[in-house]
Amino acid sequence: MQTLQSKDIYQFWIIHNPSGICIFNQTFVELPKDFSSDLTAGYLFAITTLSQEIVQENIRFLQLERLRFVYGITSQLILVLLTKNEISALDSMQMIAKLRQKFSEKYSNLLERNQLFNTSKFRDFALDVERILERDTMYFHILQKRSENLESFFQKATDEWQSIQNSIKSQVEKMGTWIKRDSFTISHDIQRSLVENREKSKKSENFNQKIKKHGDWV
C-alpha cells in the first residue's frame, strides 16, 4: 500500500448526522461524471444508515475498483474522503480524524447548539482543508466562476434595463410630439371655427339690418 499523497485525494464531504444533509463539500479532482454533491451525500449517508440497520456498526470505508470512500462518523457529523484505493486506508482515516478535529474545534459553538444548516458559515473551512491535506482545491475556482457568471448576469440585466428605459423615453418623446401636434391642430380648428362663427354672425346681422330697412321702407 502507498502512503497518502495530496494528489491521491479527489473529494471531501461533511454530512450532517442524522439528517443526511451535505453541509460542506470540496473538490480536488473532477470525477469523470458530473454529479450533484447533495445527491452523492445522500447515497453516502444511506450506506451508513444501512450498515447501522443491518449490523448496528459504523462503516469505515467503501472500496470500489479504483477509488475508496473513507468514513469518519460522529453523533453529529459524517466525514467522507474519496481517494485512490491503492493508498493506505489507515493514512486516509488518520487524515479524516485531523479534519474532524479541526472542524469540531473551529465550529464548536455551532455544534453545541446544533446550528449546522447555514452552510455559508463553513465556506472558510476550505482553507483549513487545503492546509491539512496540503492540496490546492477547486473550491475557490468554482466560487470565482460563479462570481463571474453573476457579474455577467447583472451586466446583461443592466443593459436590458437601459434598453427598456431608452425605449420608454423614445415612446414618451413620440407621444409628446403627437400631443403637441394634435394640440396645435385642435387650437387651429377652434380659431378657425371662431372666425367662421364671427363671419356668420356678421352676415346674420347684416341680413337683419336689411330686413329692418326694408320694413321701414314698406
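Just so it is clear, none of the values below were taken in a lab; they were calculated from the coordinates. Because the structure is predicted, anything quoted here is derived from the model rather than measured. Because the Cβ atoms are built from the backbone with ideal geometry, glycine has one as well, and the counts that use them run over all protein chains shown.
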Most exposed first, judged by fewest Cβ atoms within 10 angstrom, Ile21, Ile14, Ile73 run Ile21, Ile73, Ile14
At q = 0.14, 0.15, 0.16, 0.18 1/Å the base-10 log of I(q)/I(0) from the Debye formula over the alpha-carbon atoms of the range 6-136 is -0.59, -0.68, -0.78, -1.01
With label points set 7 Å from each Cα along the Cα-to-Cβ direction at Ile168 and Glu57, the distance between them in nm comes to 6.9
Per the rule of 0.36 nm per residue minus the C-alpha distance, extending Glu160 to Thr74 adds in nm 25.9 nm
Length gained, Lys98-Gln115, 0.36 nm per residue minus C-alpha separation, equals 3.9 nm
Output for the range 1-103: GluC sites (Glu not before Pro) sitting in coil per DSSP, at most 13 other Cβ within 10 Å, listed by number, reads Glu30, Glu57, Glu65, Glu86
Percent relative contact order for the range 6-136, counting Cα pairs under 8 Å at least six residues apart, stands at 27
Given Cβ charges of +1 for Lys and Arg and -1 for Asp and Glu, the option among Gln52, Ala126, Ser37 whose Cα lies farthest towards the positive end of the dipole of the range 6-136 is Ala126
Descending packing, highest mean Cβ count within 10 Å first, for 116-122, 76-82 is 76-82, 116-122
Which residues qualify? For Leu67, with a placed amide H closer than 5 Å and at least 5 residues away or on another chain, they are Asn85
To the nearest 20 debye, the range 6-136 has a Cα-centred charge dipole, built from +1 on Lys and Arg Cβ and -1 on Asp and Glu Cβ, of 180
